[in-house]
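Taking it in order: structure first as structure tokens, then the write-up.
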Amino acid sequence: MKTETRAPGRALTIKVLRHNPADPDSQPQWASFELEEYEGMTLFIALNEIRDRFAPDLQYDFVCRAGICGSCGMVVNGRPGLACRTLTSTLPAEITLAPLPLFKLIGDLSVDTGEWMRGMSERLETWVHEQTTPDIHALEERMEPELAEEIYELDRCIECGCCIAACGTARMREDFVGAVGLNKIARFRLDPRDQRTDADFYQVIGDDNGVFGCMSLLGCHDVCPKDLPLQTQIAFIRRKMVTVS
Ligand code: SF4
Ligand code: SF4
Ligand code: FES
């Protein structure tokens with residue numbers, strides 16, 4: 001019987017920044033793991049192999065493994081990205097993995113983006129604001145497909161936090177809403193069901209924690225794994241808010 005053999009792959013060295021903030025004796029330190037690469041290996045697969053073979057207590061987050069849930073953001077060789085969508089073949093043989101900065105560290109590569117996102121959402125009130133009580137017996141209002149498409153395009157944000165991790169202003173201002181927040185305002189501003197005016201939006205993003213704190217260096221645009229048009233949206237929202245001020 002023929003047995004399948006696999007050509008030896010590259011020898012990978014994966015360095016993971018490990019720290020457990022729940023353990024008072026834990027200090028941040030790099031842990032190094034050696035793996036053999038094979039075709040189609042993602043960082044998700046590599047981390048699973050590391051946990052299975054060397055470090056059963058390694059902490060990292062994955063849910064969908066398909067770039068949809070936004071839970072696997074981490075800093076890969078200095079650049080924020082989604083581990084489940086990153087093939088090791090696109091990286092050099094030495095790979096460093098660190099948790100996303102600015103979010104609460106749970107342990108190793110696992111951070112709490114949810115708490116940050118909830119705070120931002122509450123400050124910006126990222127939900128449809130209707131002034132009238134909806135009539136449940138009325139026919140649904142029609143929306144032009146082109147407009148629905150535009151809204152859908154901005155709704156593709158998966159709240160992974162990569163844009164915040166790449167943002168210089170977010171490092172200086174704790175309450176800066178970041179590209180993720182400005183993109184949400186752009187999305188609700190487009191939505192005809194949201195009856196807020198630009199003056200209302202100005203109340204939540206018309207300061208240095210909002211659109212006027214953005215330095216337009218566009219790290220967010222470069223790293224967004226969903227390729228959202230952040231550059232265009234931030235510039236557009238800034239122009240609109242300048243006209244209100
Ligand atoms: S805007 Fe892009 S990078 Fe930022 S949270 Fe949304 S998907 Fe992630
Ligand atoms: S362009 Fe603005 S939101 Fe994007 S990374 Fe720079 S400062 Fe942050
Ligand atoms: S595991 Fe869901 S985006 Fe990576």
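Tabulated results
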quantity	calculated
Radius of gyration and Dmax over the Cα atoms of the chain, both given in Å	21.3, 77
Equivalent ellipsoid, the range 21-83 (semi-axes from 5 times Cα gyration tensor eigenvalues, Å)	21, 16, 12
Nearest 10 degrees, 0 to 90: helix 113-124 Cα axis against the chain principal axis	10
Pairwise Lys count, the chain - Cα closer than 29 Å, eight or more residues apart or different chains	7
Whole-angstrom gap from the range 10-43 to the range 189-245, using each part's C-alpha centre	37
Mean separation of Cα contacts under 8 Å (6+ apart) over length of the chain, as relative contact order %	17
Estimated FRET transfer efficiency when R0 is 30 angstrom, pair Glu174-Ala199 (beta carbons, to 0.05)	0.70
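Only the coordinates and a few stated rules stand behind these numbers; no lab work does. Note that the structure is a prediction, hence the values are computed from the model and not measured. Positions of Cβ are backbone-derived with ideal geometry, glycine not excepted, and every protein chain shown enters the neighbour counts.
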